[in-house]
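Okay, so here's the structure we're looking at.
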Amino acid sequence: MTPMSGSAAALLAHVVASFEVGAPALDALARAFSAEIGRGLAGESGSLKMLRTFTRQPTGAERGRVVVVDWGGTNARAGLVELGGGAARIVTEEKLAFPEALKRGAPEPVFDLIAGTVARVAQAQGVSAAPLAFVYSYPARLERIDRAVALASTKGWRLEGLVGRDVAALLTEALGRARLPGIRVTAIANDTIAVLILESYRQVSSRQGDGRPDTGRPATARTGESGLADIGLILGTGTNQAADLGPAGIRNLESGNFDGVGGVETPYDAALDRELEEPRPGAQRFEKMVSGHYLGEIVRRALVDLGQRTDAFQWEAAPVIATAFALDSAYLSRIAADGSPELTDVDALLRSLHIAATREERRGLRALTEAVARRAARLVAASLLGTLRHLDPELARPRRV
């Protein structure tokens, strides 16, 4: 295999550099994010929806057994959780994966699949009646603690006729078809709310374990000094934030939709956004640049471009390069983890994907994947800074995420 030409190396360096984001740009993004929070809370049109959640911080007095359904971007799980004095113990759970065909059809078969999993968990534990907490990790407008109207399909889903329908009611109907009338949806929230509340619940438990009495949520909780969580963050297939905004309550930001990214996007990001049908162009701009569903695709697009413009990375015959979204983001972690001089594990990975690469190409691939992942991490950090600045403009108080 011949070494990479000077022109190819120069273009690779240029592409890698395009994903570098400096401190001024990150600070501008954080300030724009904070401003969007203010606009959303004021009821103005913006990219952060600042949705009400009808939830509150826990007191530590919550006890009992609860059926939980957690529907994430790739997988779902149903389980039985026991609450007691700030401790949350998973009694049992069962995971399930969604066939790709279900992601493009009517919503009812998806909810039937979830309800069937609930039925197996409930029967195994002898549970005939229990409240059910539904963790629904997609955009939705909550109208009550037990009613959430779907707003959009994200994370690779495109269910027909879901938008505008109450997903809690759809699950309740599916539970009825599964002959589980005693298990009812009593609360629904997204995953960011769930992790925020869980962390606060654990902190309440820790505080009680120190011998301090639990008096509910103290008046100073919004300052962060209580130890309760201020922000919930999800960064996986998709991304989102929730935040306890004091008098405004706990809000679902739908931060994946933040659109103040024009100053840090590359041509690959712009093309990805423009060419996707769902989420539509202009939607979920932030998520398309930082989350697991998209990072591998960004790298793939950059490799296709490099292969077309240079004598390196002539990998277009490999399905993983020729096919949109075939380069799984999990590959990026494996590439970044290889610290060997010859990048032997990267070589093994590429060969398993029917790609023969020179050492220079392997090093270039690692530099590219690291740059894409590093940019994602920095953008997420900037969004967190934006939320923290809204909570505490001087960043003077301790906070918990």
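The values are calculated or read from the model by the stated rules, or taken from the named source; none is laboratory data. Quick caveat, the model's predicted, so the values are computed rather than measured. Positions of Cβ are generated from backbone atoms using ideal geometry, with glycine treated the same way; all protein chains shown enter the neighbour counts. Surface areas here come from the heavy atoms of the whole protein model, side chains and all, with no ligands, DNA or RNA. Shrake-Rupley method; radii C 1.70, N 1.55, O 1.52, S 1.80 Å.
Results for (1) of a type in the set (V, I, T); (2) surrounded by 15 or more Cβ atoms within 10 Å (Cβ to Cβ); (3) outside any loop (DSSP other than H, G, I, E, B); (4) touching a Ser or Thr at 6+ places or on another chain (Cβ under 7 Å), shown as yes or no for each residue.
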{"position": "G79", "(1), (2), (3), (4)": "no, yes, yes, yes"}
{"position": "L102", "(1), (2), (3), (4)": "no, yes, yes, no"}
{"position": "A119", "(1), (2), (3), (4)": "no, yes, yes, no"}
{"position": "V127", "(1), (2), (3), (4)": "yes, yes, no, no"}
{"position": "L159", "(1), (2), (3), (4)": "no, yes, no, yes"}
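Scanning the stretch 255-282 for residues that are open to solvent by less than 10 Å² (accessible area, probe 1.4 Å) and either part of a loop (DSSP other than H, G, I, E, B) or in contact with a strand residue (DSSP E or B) (Cβ under 9 Å, 6 or more places away or on another chain) (or both) yields S255, G256, F258, V261, T266, P279. Taking (1) within 23 Å of T55 (Cα to Cα); (2) touching a Pro at 6+ places or on another chain (Cβ under 9 Å); (3) hydrophobic (A, V, I, L, M, F, W, C) in turn, L171 satisfies each apart from (2). No other residue among Q314, Q308, Q241 is polar (S, T, N, Q), surrounded by 23 or more Cβ atoms within 10 Å (Cβ to Cβ) and either touching a residue at least 40 places away in the same chain (Cβ under 8 Å) or within 28 Å of G6 (Cα to Cα) (or both) apart from Q241.
Against the criterion of being of a type in the set (K, R), open to solvent by 40 Å² or more (accessible area, probe 1.4 Å) and in contact (Cβ under 8 Å) with a residue 40 or more places away in the chain, R39 does not qualify. Quick check: is even one residue across the stretch 307-314 under 21 Å from L11 (Cα atoms), of a type in the set (V, I, T) and in contact with a Lys or Arg (Cβ under 7 Å, 6 or more places away or on another chain)? Checked the stretch 307-314: no residue is under 21 Å from L11 (Cα atoms), of a type in the set (V, I, T) and in contact with a Lys or Arg (Cβ under 7 Å, 6 or more places away or on another chain).
A quick yes/no check of all residues on (1) under 19 Å from the mean Cα position of the chain (by Cα); (2) of a type in the set (F, W, Y); (3) part of a strand (DSSP E or B):
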position	(1), (2), (3)
P131	no, no, yes
R141	yes, no, yes
A148	yes, no, yes
L162	no, no, no
A169	no, no, no
G176	no, no, no
